[in-house]
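Report on the following structure.
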Amino acid sequence: MDPSSQKIKELEVMVAEVIEETPETTTLVLFTGNDTLNYKPGHFLTISPHQFPGLQRWVSYLEDIKGKKEPGRAYSLASSPDEKYLAITVKEERYISNNTPYPPLLSPILAKRTRAGSRMVITGFTGPYTMPDEWQTKFEEIVHVCAGSGIVPSFSIIKHDLRMNESLKHTLVYSSKVAEDVIFFNQLAELERIFPDRFRVINTLTRESGADKRFRSGRITRELLSEVITNPENTAVFACGPDHNIWQKRAAKESGATLPPSFLGSVLTGLDEIGVDKKRIKKESYG
Ligand SMILES: Cc1cc2nc3c(=O)[nH]c(=O)nc-3n(C[C@H](O)[C@H](O)[C@H](O)COP(=O)(O)OP(=O)(O)OC[C@H]3O[C@@H](n4cnc5c(N)ncnc54)[C@H](O)[C@@H]3O)c2cc1C
C-alpha cells in the first residue's frame with residue numbers, strides 16, 4: 001500500500017529495547033506484533049500523555065492551569081521502513097527556572113523512566129518531512145541541516161535512501177552543543193564508511209571547541225551552508241531543529257521583546273541568501 005494513503009491508526013506496542021544514545025537522549029525500540037507498518041522515512045507518530053497512570057496528576061494539574069487538554073506529543077521515527085522494528089529517539093526536556101513556562105510532561109518519562117517490556121499506545125504515521133519521489137531524479141544531492149533531536153527524521157531518510165536507492169548523495173550538517181550530545185554518532189560514521197561516495201557528515205559543536213578534528217566549532221552559518229551547497233540548482237534540503245513556538249512568539253509580541261534568531265530561522269535565511277529555492281526545502285520545527 002502507498003504509505004501516503006494509509007489511515008492514521010492506533011497501535012499498542014511493547015518496548016523491546018531501550019538504548020541510551022547520549023546522556024539526554026534515549027531510543028525506544030518498539031515491537032508492534034503482526035501489524036503492517038506502512039510509513040515513510042521522515043514520518044512521525046504521536047503518544048498521548050493521558051495513558052500513563054504515573055502522569056495522571058500532572059496531566060490534570062497542567063490541563064487546569066493551561067486551560068486546555070494536553071495534546072499527544074509527536075516523535076519522528078528513527079527507524080526506517082526496511083527495518084523490522086519501529087524506533088523513536090526522545091530527548092529529555094528540562095525545566096529551567098524562570099525560563100520554561102511549564103515542567104515538561106512526557107519526554108522525561110519516555111527518555112528516562114521507560115523500561116523494556118513496558119507497553120504503550122502510539123498513533124501514526126504522518127508528516128510532511130518526507131522525500132518527494134521526483135527528488136530521486138531531479139537532484140544530485142540532498143543536504144540535511146539539523147540540530148539536536150532534529151537529526152531523528154533525517155537519520156531515517158538518509159539510511160533508507162542509501163540502502164534502498166542508488167543515485168542520490170546525502171550530506172548531513174549536524175549541530176550539537178557538545179561532543180557527548182551528538183546523537184547517532186557511531187551509526188552515522190558507519191554509514192559514511194559503507195557509502196563513502198554517497199554520504200558525508202559535518203558535525204559542528206556550539207559549546208565546545210578543541211583539538212578533536214571530527215568536529216567543527218560554532219553554529220551553522222551562511223558560510224558553512226555555501227561551502228556545502230556548491231550547486232544550489234541541483235540540491236534539495238531537509239532542515240529540522242528548534243524554532244520559536246507559537247507561545248514564545250505571542251509572549252514576545254505582547255511584551256514588545258525581539259526574539260533572538262532561532263536555529264531554523266537562521267538556517268532558512270542562510271539558504272535563501274545562497275539561492276536555494278523555498279520549493280526545494282522541507283522543514284520541521286520541534287519548538
Ligand atoms: C513533528 C514533530 C516531531 C518531533 N520529533 C521529536 C523527536 O524525534 N524526538 C524528540 O525528542 N522530540 C521530538 N519532538 C518534540 C516532542 O513532540 C515534544 O515537544 C518534546 O518531547 C517535549 O515534550 P514534553 O511533554 O516533555 O514537554 P512539554 O513542554 O510538556 O510539551 C511540549 C508541548 O507543549 C507545548 N507548549 C510549549 N509551550 C507552551 C505554552 N507556553 N503553553 C501551552 N503549551 C505549550 C508545545 O507546543 C508542545 O506540544 C517533535 C515535535 C514535532 C512537532
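Just so you know, all these numbers are worked out from the coordinates, no wet-lab data involved. Quick caveat: nothing in here was measured; it's all calculated off a predicted structure. Heads up, the Cβs are rebuilt from the backbone with ideal geometry, glycines too, and the neighbour counts pull from every protein chain shown.
Scan segment 156-183 for residues that are closer than 21 Å to residue 41 by Cβ, of a type in the set (D, E, K, R) and assigned to a loop (DSSP other than H, G, I, E, B) and the total you get is 1. For segment 249-269, filtering for residues that are over 20 Å from the mean Cα position of the chain (by Cα) and of a type outside the set (Val, Ile, Thr) leaves 11. Taking the listed residues 89, 100, 130, 123, the one that is closer than 23 Å to residue 37 by Cβ, within 16 Å of the ligand (Cβ to nearest atom), surrounded by fewer than 17 Cβ atoms within 10 Å (Cβ to Cβ) and polar (S, T, N, Q) is 123, with no other qualifying.
In this structure, is residue 29 more than 9 Å from the ligand (Cβ to nearest atom), under 27 Å from residue 162 (Cα atoms), assigned to a strand (DSSP E or B) and without any contact (Cβ under 8 Å) to a residue 60 or more places away in the chain? So residue 29 passes the test. Residues in segment 186-216 that are part of a strand (DSSP E or B) and farther than 21 Å from residue 167 by Cβ: 202, 203, 204, 205, 215, 216.
In the list 178, 143, which residue meets the criterion of being surrounded by fewer than 18 Cβ atoms within 10 Å (Cβ to Cβ) and of a type outside the set (D, E, K, R)? That would be 178, the only listed residue that is surrounded by fewer than 18 Cβ atoms within 10 Å (Cβ to Cβ) and of a type outside the set (D, E, K, R). If you scan segment 70-86, which residues turn out to be more than 7 Å from the ligand (Cβ to nearest atom) and surrounded by fewer than 16 Cβ atoms within 10 Å (Cβ to Cβ)? If the condition is that a residue be more than 7 Å from the ligand (Cβ to nearest atom) and surrounded by fewer than 16 Cβ atoms within 10 Å (Cβ to Cβ), then 82, 84, 85 are the ones that fit.
Pairing each residue of segment 262-273 that is under 9 Å from residue 145 (Cβ atoms) with any residue that is part of a helix (DSSP H, G or I) and of a type in the set (Lys, Arg), provided the two are 6+ apart or on different chains, yields C-beta distances under 6 Å for 270/222.
As for segment 53-68, it holds no residue that is closer than 21 Å to residue 153 by Cα and either under 16 Å from the mean Cα position of the chain (by Cα) or away from the ligand (no atom under 13 Å from the Cβ) (or both). Checking each residue in segment 133-176 for being small (Gly, Ala, Ser) and within 29 Å of residue 217 (Cβ to Cβ) picks out 147, 148, 149, 150, 154, 156, 175, 176.
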